[in-house]
Amino acid sequence: MHKSFVIALFTAIFFNAQSQTLIPLYPGKVPNAVDGPDEEIKNVNNTGQIRYEKVSKPTLEIYLPKKDKATGAAVVIVPGGGYRIVSYSHEGTNIAAEFNKMGIAAFVLKYRLPSDKIMHDKTIGPLQDAQQAIKLVRSRAKEWGIDTAKVGIIGFSAGGHLASTAGTHFTKAVIDNKENINLRPDFMVLVYPVISLSDELMHKGSRDNLIGSSPSQELSNLYSNDTQVSPQTPPTMLIHAGDDKTVKVQNSIKFYEALLKNNVSGEMHIYPKGGHGFGLAPDRTPDWWTDRVENWLKGLGFIKK
């Protein structure tokens, strides 16, 4: 039996035993939204992987671990897709299963994809959704058995850019936050992330979709998140492959260097091979990077050793 089939089968069985709920990200009107029809498209490929396009109504899908395994830690999962699609199962629900096995509550974010058609300001739309996800998890922490000091974020590719934006731009709320809930993630995991929007290192599709094809230098710098790291940036783990031809590995390296410069705890694993978008594919990396994440979180005290 092929290993990938076994993993998919296990994931399906595992999820059937978990607490799973899909909720709207916002309790009322979506901020920064332009009124119009819902044009969201759901695509399912021949292996069952789900992708979404033209998302205008963001959601959060909740996966809680078994109570006897729960650690109180939580993670918001931000799938990638070049700010054009949301790779929902490959870099979302499949990842939730891995965190549930660690005893971590997982929240898969289906975020709005930047578009002038559905947003007044597309450059802040995705960040609004990431901040709202963190706010929502913390505001309902008691209900879900979560420690508000153990709420992290993980992002993949362009989702890694969004996660790193949440982890470096948290001092400025782009959502309504009258309750003054902490919007800073307690930890970040960035997997083959888009970090820099500079001409040298950018992933062009992600940059064009988020800030336009001819952005100002100021806007490019603002969302080149290696330049936004500060001593308050949360501890970060970076996962990348050296042969990534889609998002250059220097994105992770630059972010790690910025962590060092600011005395922020960081850990980085660069595989020599693996390409881009490997997710949990068993034949792309020599080990399970999720095991490394688990050990890292144990070392930081977010989950028990």
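Normalising the average separation of contacting C-alpha pairs (under 8 angstrom, six or more residues apart) by the number of residues puts the relative contact order of segment 93-241 at 22 percent. Sorted ascending by nearby beta carbons within 10 Å, beginning with the fewest, MET268, MET237, MET188, MET102 become MET268, MET102, MET237, MET188. For Cα extents along the principal axes in Å, the value calculated from this model appears in (1) 174, 97, 30; (2) 49, 44, 41; (3) 61, 43, 43 under label (2). Using a Gaussian network model of the chain in which every pair of alpha carbons under 10 angstrom is joined by a spring, one finds that among VAL264, VAL34, VAL75 the greatest mean-square fluctuation is at VAL34.
If only the Cβ of Lys and Arg carry +1 and only the Cβ of Asp and Glu carry -1, the dipole of segment 145-241 around its Cα centre is close to 120 debye. Charge tally around TYR256: other residues with Cβ under 13 Å, Lys/Arg +1 each, Asp/Glu -1 each, net -1. Using a cutoff of 8 angstrom between alpha carbon atoms and counting only pairs six or more residues apart, the relative contact order for the chain works out to 15 percent. Could you tell me the center-to-center distance, by alpha carbons, between segment 222-276 and segment 148-204 in angstrom? Segment 222-276 and segment 148-204 have Cα centres spaced 13 Å from each other. With a cut-off of 15 Å between beta carbons, the residues surrounding ASP199 carry a summed charge of 0, where Lys and Arg count +1 and Asp and Glu -1. Counted by Cβ distance under 13 Å from GLN132, the other residues give a net charge of +4, where Lys and Arg count +1 and Asp and Glu count -1. When the chain is treated as a GNM with alpha-carbon contacts under 10 Å, the residue of VAL174, VAL108, VAL247 showing the greatest mean-square fluctuation is VAL174.
Between the listed residues THR227, THR59, HIS169, the Cα displaced farthest toward the positive end of the dipole of the chain, a dipole computed from Cβ unit charges relative to the Cα centre, is found at THR59. Choose one answer from GLU40, GLU53, GLU179: the residue with the largest mean-square fluctuation in a GNM of the chain with alpha-carbon springs under 10 Å. Among GLU40, GLU53, GLU179, the largest mean-square fluctuation in the Gaussian network model of the chain belongs to GLU179. Could you size up the charge dipole of segment 3-300 around its Cα centre, putting +1 on the beta carbon of Lys and Arg and -1 on that of Asp and Glu, and report it in debye to the nearest 20? Its charge dipole is roughly 440 debye.
When DSSP beta bridges are restricted to pairs lying wholly in the chain, around 45% turn out antiparallel. Cross-link partners of LYS110 among lysines, defined as those whose alpha carbon lies under 17 angstrom from its own and excluding same-chain residues fewer than eight positions apart: LYS29, LYS42, LYS54, LYS57, LYS122, LYS135.
Readers should treat all values here as calculations from the given coordinates under stated rules, not as data from a laboratory. Note that the structure is a prediction, hence the values are computed from the model and not measured. For neighbour counting, all protein chains shown are included, and Cβ atoms are generated from backbone atoms with ideal geometry for every residue, glycine included.
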